[in-house]
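The values are calculated or read from the model by the stated rules, or taken from the named source; none is laboratory data. These figures come from a predicted structure and were not determined experimentally. Reconstructed Cβ throughout: ideal geometry from the backbone, glycine too, with neighbour counts over all protein chains shown.
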Amino acid sequence: MRVTVISGGTDGMGRGTLEARLRRGDEVVAIGSNPAKGRSVQALSDRVHFLRADLRSVAATRRVIDVIRDRWPTVDALVLCANRQSPRRVVTDEGLEQTFALYYLSRYLLSHGLRDQLDAAERPVIINVAGVGSTRGSIHWDDLQLTRRYGMVDAQLQAGRANDLLGVDFAARSGARARYVLYHPGFTRSGDLSTMPAAVRGVIRAASVFARPVGKSVRPVVEWIENPPSEALTANDRGRPVPPSTGTLDPATARRLGAVTGALLTRLHPG
């Protein structure tokens, strides 16, 4: 039986992937922060395991990684979906801007932290659901936590570009057996809108008539778990391959971000 771990597994594309993989016979580990939603997915099957964690916290993310390591010696697939948009700048107890912490750092930690469990699988794969293919946004090297000028869209775009670089660096330098897939599903009817102002929620819901249904957007994810790509890195934007030469996938920039991220995590939790 395959074991699939999903961050953000109780909502949107995460839950859609969970339900689809259950139908394929997987054992699924859903990481999320809402206990009621956790109980909802657990009620689907005794093959669903909910792990409650605030993935905005580096310490909490590391704790949930330790739990997975202890309980599941083999992980066949890791699907990274956790994200939450914030109209205002929120700083975590560890001094991190929460979008950067949740959307990027938690995915970095899970990718590297579960490497041994993934390497134990026959055909392991990591699928990072973000915004690959878009060239909007940039890494604010002198202000990663956006202390001087915060904007919700800018924070999302920076974390999206950081996830692109995470995939490039992981595939090139981690030494892991897991194939790494960067996937942009496009505008999808998914996600938790509870943090958004009422007016913004209304606009998004009105626009959702043009969005892709979750089932359609998760279909490639389900198939990549079933049949991982042969290449170390795959980048796919709404069904179209993204060329490795795309500027947002630059290997030198990926190495730089990997080094900066490693130093940041060491400062937060020395040793």
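Scanning for something modelled with pLDDT under 95 and either among the aliphatic types (A, V, I, L, M) or touching a Leu at 6+ places or on another chain (Cβ under 6 Å) (or both), does the range 177-187 turn up at least one residue?
no
Is there a residue being within 17 Å of the chain's Cα centre (by Cα) and of a type in the set (S, T, N, Q) anywhere in the range 235-247?
Yes, that holds for at least one residue.
Exactly one condition in (1) in contact with a Ser or Thr (Cβ under 8 Å, 6 or more places away or on another chain); (2) surrounded by 16 or more Cβ atoms within 10 Å (Cβ to Cβ); (3) not aromatic (F, W, Y) is not met by V5; state its number.
Failing condition for V5: (1).
Going through the range 67-97 one residue at a time, which ones are among the acidic types (D, E) and touching a residue at least 60 places away in the same chain (Cβ under 8 Å)?
Of everything in the range 67-97, those that are among the acidic types (D, E) and touching a residue at least 60 places away in the same chain (Cβ under 8 Å) turn out to be D76, E94.
Could you grab the pairs with beta carbons closer than 9 Å, sequence gap of 6+ or different chains, first residue in the range 205-232 and at pLDDT below 90, second one assigned to a strand (DSSP E or B) and not acidic (D, E)?
Final answer for the pair search is S208/T188; A211/T188; R212/T188.
Looking at the structure I just gave you, is Q42 in contact (Cβ under 8 Å) with a residue 60 or more places away in the chain and more than 27 Å from E231 (Cβ to Cβ)?
No, not satisfied.
Identify the residue in the range 148-161 that is out of contact with any Ser or Thr (no Cβ under 8 Å at 6 or more places or on another chain) and either at pLDDT below 95 or assigned to a helix (DSSP H, G or I) (or both) and, among all such residues, is surrounded by the most Cβ atoms within 10 Å (Cβ to Cβ).
Going through the qualifying residues, I end up with D154.
Of all residues in the range 141-175, which are over 10 Å from R89 (Cβ atoms) and among the polar types (S, T, N, Q)?
Q156, Q158, N163, S174 - these are the residues of the range 141-175 that are over 10 Å from R89 (Cβ atoms) and among the polar types (S, T, N, Q).
Checking the structure you have, find out if any residue of the range 50-64 is over 30 Å from A263 (Cα atoms) and modelled with pLDDT of 95 or more.
Within the range 50-64, one or more residues are over 30 Å from A263 (Cα atoms) and modelled with pLDDT of 95 or more.
Please give the number of the condition E94 fails out of (1) surrounded by fewer than 21 Cβ atoms within 10 Å (Cβ to Cβ); (2) of a type outside the set (A, V, I, L, M, F, W, C); (3) closer than 21 Å to D11 by Cβ.
(3)
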